[in-house]
Amino acid sequence: MKRPVRIIVVGGNAAGPAAAAKAKRFNPNADVILFEASEFISTGTCEIPYVLSGEIDDYRKLLFFSPSSFKNEKGVKVYVKQFVEEIDTKNKNVVVKDFIDGKTLNYDYDKLIIATGSKAKTLPGFDTELKNVFTLKNINDLIQINEFITKQKITRAIVIGSGYIGLEAAESLIKRNITVQLIEKENRLLPGADEEFGNEILKILIGNGIEFISEVADLEPIISGDRLLGVKFRGKFIETDLVLLSVGFVPDTYLARSAKLEIGKSGAIKIDSYLRTSDRFIFAAGDSVEVINAVTGKPDYIPLATHAYELGHIAGENAAGGNVKYDPFVKNISVKIFNKFFASVGLSKTEAVKNGLKVVEASAKARNLVGVMPGSDYVIGKVLADKNSKQIIGGSFLGSKEVSGYADLLSALIKLRAPASTLSKINYNYTPPLSPFINLLSIIGKKFSENY
């Protein structure tokens, strides 16, 4: 008797479980197996800083499924602490190392989905094997740093890197009554954002007691035994109890490279519009793949949980016999900074110039509610458009929760290739407790209509 079609999924965070569940729904007769090297699957990653800060009181709330509950609800066999060491593409099987008993087993597959995600970058000399040097990428990282802070008398911390994770980590540590120094090698905060927003965010950090140190290119760790005592740069020594590295992510492509799958220019796995890799029996999804940027039309690396989840669904369906294409992505990301939120959508000005685009822009500062209403405050925004086509290519906003809606609207207009003047023609919602009488986007749209 012929065995059922077997679909193996490697990786158990966002894309992997989405792919496995979708494959089983699309083909209920398939034998779907998911392998995960750690002990957790289907975890909340973006919520991790809020457990560190204490705003979420238990990391277990970020564990959305256990292996048994996922099998019972989704019909997928899940094996944790199982590391897929190798893919034999010729014979279509994987070599799996069981971290529990040390055994190595082989599993045949008909279709394979790689969802190995991304890894936190580190810095030379800042070894995370040291007792007080951490990254903040996954649940195990969170558990380790939480236990260290709880058991030790931590009063000082250094966060290296002032991107989104660095900002969230710095705020989380401040909320635990730890003094924070935020160190950045570039000449400004949040280097990926347009400069004026980085300057505004810096004011917020300083107002909440975070010291920011920029242009640090020669950072040297000072180590004694199994601990980092501090860092040295520009002739200065800063002592610390803890170092948290937040210098970005890289796609985890070890398995793909060892299987000689094609790697894209971004360093992530190259896929076609159906999520197939260079091997027609192997699909890939999530933070390990490069996607097409909807603005530039070029391959790009955009590691976001929402994208991973969407791509996982498509990879799962296609591996199970479907024929679904993914749409190019508009980068749409936001971050909480104490009592404010920053949102960035599409391209920043730096990214636009790097991609050879000539840019025109319009900015405005306006109230998010009518001035007499409780909670009324200012929000600032900037929209970028291509100088030739006048189409919207990006935008940034700093304010309260309304910035998420602004970014989402801009994301839709970018996909529709709408001209920036469209913003002045939209009939915006209005009621005093919820929205302003004149919307920030309308003001920006009128500036485009009048000036470009």
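Could you give the length gained on full extension between GLU39 and LYS81, defined as 0.36 nm per residue of separation minus the Cα-Cα distance, in nm?
Additional length available on full extension: 14.6 nm.
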Keeping all protein chains in the complex and leaving out DNA, RNA and ligands, what accessible area do you get for GLU39 with a 1.4 Å probe, in Å² to the nearest 10? 90 Å²
What order do THR116, THR179 take when sorted by accessible area (1.4 Å probe), most exposed first? THR179, THR116
In segment 1-91, what trypsin sites (Lys or Arg not before Pro) fall in a loop by DSSP, with at most 10 other Cβ atoms inside 10 Å? LYS2, LYS90
Which values, in whole Å and largest first, are the semi-axes of the equivalent ellipsoid of segment 59-187 obtained as the square root of 5 times each eigenvalue of the Cα gyration tensor? 36, 19, 15
With 5 Å bins from 0: P(r) over segment 173-236, alpha-carbon pairs, percent: 4, 15, 21, 21, 20, 14, 4, 2, 0
Based on C-alpha coordinates, I'd like the Rg and Dmax of the chain, in Å. 23.5, 75
Here D for segment 187-300, in µm²/s, from Stokes-Einstein with a Kirkwood Rh over Cα pairs at 25 °C and 0.890 mPa s, works out to 136 µm²/s
Restricting to DSSP H runs of at least four residues, report the calculated mean residue ellipticity at 222 nm for the chain, -39500 (n - 2.57) per run over all residues, nearest 500 deg cm²/dmol. -7500 deg cm²/dmol
Taking Rh as the Kirkwood radius computed over C-alpha pairs, what is the Stokes-Einstein D of segment 387-452 at 20 °C in a medium of viscosity 1.002 mPa s, expressed in µm² per second? 173 µm²/s
Could you compute the net charge surrounding ASP226? Neighbours are other residues with a C-beta less than 13 Å from the C-beta of ASP226; K and R count +1, D and E count -1. 0
Percent of Cα-Cα pairs more than 21 Å apart in segment 248-382, please. 53 percent
Spin-label point model (7 Å from Cα, Cβ direction): what's the TYR428 to ILE178 distance in nm? 4.0 nm
I need two numbers for segment 343-412: Rg to one decimal and Dmax as a whole number, Cα atoms only, in Å. 13.5, 45
Taking the Cβ of SER400 as the centre, find all other residues whose Cβ is under 11 Å away and add up their charges (Lys, Arg: +1; Asp, Glu: -1). +2
For segment 29-119, just the Cα set please: Rg and Dmax, both in angstrom. 15.4, 49
Within 10 Å of each candidate Cβ there may be at most 14 other Cβ atoms; applying that plus a DSSP loop requirement, which GluC sites (Glu not before Pro) in segment 232-293 survive? GLU262
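Which whole-number percent of Cα pairs in segment 1-68 have a distance greater than 13 Å?
Tail of the P(r) past 13 Å holds 67 percent of the pairs.
The values are calculated or read from the model by the stated rules, or taken from the named source; none is laboratory data. Not measured: the values here are computed from a predicted model. Cβ sites come from the backbone with ideal geometry, for glycine too, and all protein chains shown count toward neighbours. Side chains are part of the model used for accessible areas, which takes the heavy atoms of the whole protein and leaves out ligands, DNA and RNA. Shrake-Rupley method; radii C 1.70, N 1.55, O 1.52, S 1.80 Å.
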